[in-house]
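The values are calculated or read from the model by the stated rules, or taken from the named source; none is laboratory data. Nothing here was measured: the structure is a model prediction, and the numbers come from that model. Using ideal geometry, Cβ is built from the backbone for each residue, glycine included, and neighbour counts are taken over all protein chains shown.
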Amino acid sequence: MVADNIDDARYEYARRLYNRGLGKDAQLILCGIGDDALTRHKNYLFKINKICDLLEGLEQVPIPVGTNTRILAMKHAILSFRDRPVRPRPVGRLGRLSLCTGCLGGGGAERQISRLAIALTRHYQDQQAIAGLTVDEPVELIIRSLAPELKQDFFLKEVLDAKVDVVEIAKNTDNVFDDMSVECPTLRLLLSHLPPHCYYGVKHLVPHFTQRQPDYLSVWQDGACLMVGLAALLAGVPRIQLGLRGLPPVERQHLFKPEYEPLYQSLAQVPGVDFMSNNQCVAERYAHWLQLDAHQFQVVYNGVPPPAIEASLAVSPKIWRQFDERTQDAQTTLGGVFRFVCDKSPFVWIDFAAQYLQRHPASRFILVGDGELRAQAQQRAETLGILERILFVGVSRDVGYWLQKMDALMLFSRYEGLPNVLIEAQMVGVPVISTPAGGAAECVIEGVSGHILDDAQAVNLKQACRYAESMVTSWRHKTGFCEQTHAFLQARFSVDNMVCAFVKTMTLTRP
């Protein structure tokens, strides 16, 4: 009886190990149970042995204990498409295009994919061509979740108002993929042991892609790529673009998943798959991390329209009026627009404000944004005795209204993709000072429209103060460089150029 209980406990432990992706560990645990328990659980042991034997055959080496066999199964399921035939794409027209990301929360990537979907939809509605191609089909925007309680629908109204077709995966619970429909037994076995996020995408998206038959699919951000990549291959999507918007997750440990590296390295070997980023820095960092050729990465800079500087009805003039009255002595106004989260270094911003005030007591500050660290940032400002000199605006859609009240914008992010706020600030005539996070340096004409600090991880506040002083003085008293800045921003960051560049990268034929 005791032996049976021990064996049942071993079985339960092995089952949990297998579900976590530790197939080899589970196999070794089950090999030690008694004959009676082995008979009871022989089907389960057979399943584990079968997947482990398959993976060891594909890897051509024994699988070490501790290896995540779910990740290996995903890798080899993707690699089974290395020699896939790719169906011909439309000629002279764009055809069916699907865009996909995780949510439509208030982030920069979500803003860009919404902006792109809206622009493409307008071209379709007006029957206009892009890059010589007729937009003959409505674009589709696929979102994993739009839960309002999680603030995942920030841009949803804007997208729906433009008549963009939106598909929410979380609500697609009826039509799910049956992996028993896969003819190849090897692939079918691999699909039964995928990482959960990847399996979710396969289950919910293969039927949708199979029905819609997109000619092009652009998937943005790491989590969405993990969810969608294999599903798109199973459905035969001929052209798959993986949109990488921020620094690689290996450099941002709080976003890291062990699936990402084998996911991207295996997808890179499949015909019809390549990568796109919104700046050269991120593209180079991904290529270096994944040990891939740089030619597999295309760069499409963000499209950023000039922000409106007039206040909308959502802005209470009383907020600014009260702050303006209590800081009437201010000769300089510096500001920031960012989420109050660790990556954006809000406490560094407060420390900068304190140091700048020591040098320039007739200064004040505007901070636009919200987040989990906002209350702590306000507390830090109070502790430093500068709370009365800072206006904490909170979340606002009227970014341009607040920007035009600043003499310079400061951004102290540790990590970035391509920070839109640097572009928007320059568009309304405000110089910028930023850390070199992500593609920040690609947004600025150094020494003309702004400065880039030396370090994103350990910000030199004295350098930041000097640069702010320099930019404020230059933009107040010099002329002749606004035209240069305007031409630079228009050429690199206009919405029309972004849409055209995106279509060109999607439709470009590669060997």
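From the list 35, 83, the one residue that fits, being modelled with pLDDT of 95 or more and not β-branched (Val, Ile, Thr), is 83. Of the residues contained in the stretch 128-145, none is found to be in a helix (DSSP H, G or I) and farther than 25 Å from residue 274 by Cβ.
Is it the case that residue 467 is touching a helix residue (DSSP H, G or I) at 6+ places or on another chain (Cβ under 9 Å), among the aromatic types (Phe, Trp, Tyr) and crowded, with 19+ Cβ neighbours inside 10 Å?
On the way: touching a helix residue (DSSP H, G or I) at 6+ places or on another chain (Cβ under 9 Å): no; among the aromatic types (Phe, Trp, Tyr): yes; crowded, with 19+ Cβ neighbours inside 10 Å: yes.
No; evaluated as a whole, the condition is false for this residue.
For the stretch 320-335, check the following and say yes or no: at least one residue is under 30 Å from residue 457 (Cβ atoms) and in contact with a Pro (Cβ under 7 Å, 6 or more places away or on another chain). No, that holds for no residue. Of all residues in the stretch 80-127, those being assigned to a loop (DSSP other than H, G, I, E, B) and within 24 Å of the chain's Cα centre (by Cα) number 7.
Only a single item in (1) in a helix (DSSP H, G or I); (2) of a type outside the set (S, T, N, Q); (3) over 19 Å from residue 55 (Cα atoms) is not met by residue 190, and it is number (3).
Yes/no per residue for (1) within 16 Å of residue 500 (Cα to Cα); (2) at pLDDT 95 or above:
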{"residue": "40", "(1), (2)": "no, no"}
{"residue": "44", "(1), (2)": "no, no"}
{"residue": "97", "(1), (2)": "yes, yes"}
{"residue": "101", "(1), (2)": "no, yes"}
{"residue": "105", "(1), (2)": "no, no"}
{"residue": "121", "(1), (2)": "yes, yes"}
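Of the residues examined, residue 458 is one that is within 30 Å of the chain's Cα centre (by Cα), in the same structural domain as residue 343 (by TED's automatic domain parsing) and without any contact (Cβ under 8 Å) to a residue 12 or more places away in the chain. Listed here are the helices (runs of 4 or more DSSP H) enclosed by the stretch 330-423 that have at least 1 residues being in contact with a Phe, Trp or Tyr (Cβ under 9 Å, 6 or more places away or on another chain), in the same structural domain as residue 471 (by TED's automatic domain parsing) and closer than 25 Å to residue 447 by Cβ: 346-359. Scanning the stretch 264-319 for residues that are hydroxyl-bearing (Ser, Thr, Tyr) and at pLDDT 95 or above turns up 264, 266, 277, 286, 301. Answer with yes or no whether residue 309 is β-branched (Val, Ile, Thr) and in a loop (DSSP other than H, G, I, E, B). Here the answer is yes, as residue 309 does meet what is asked.
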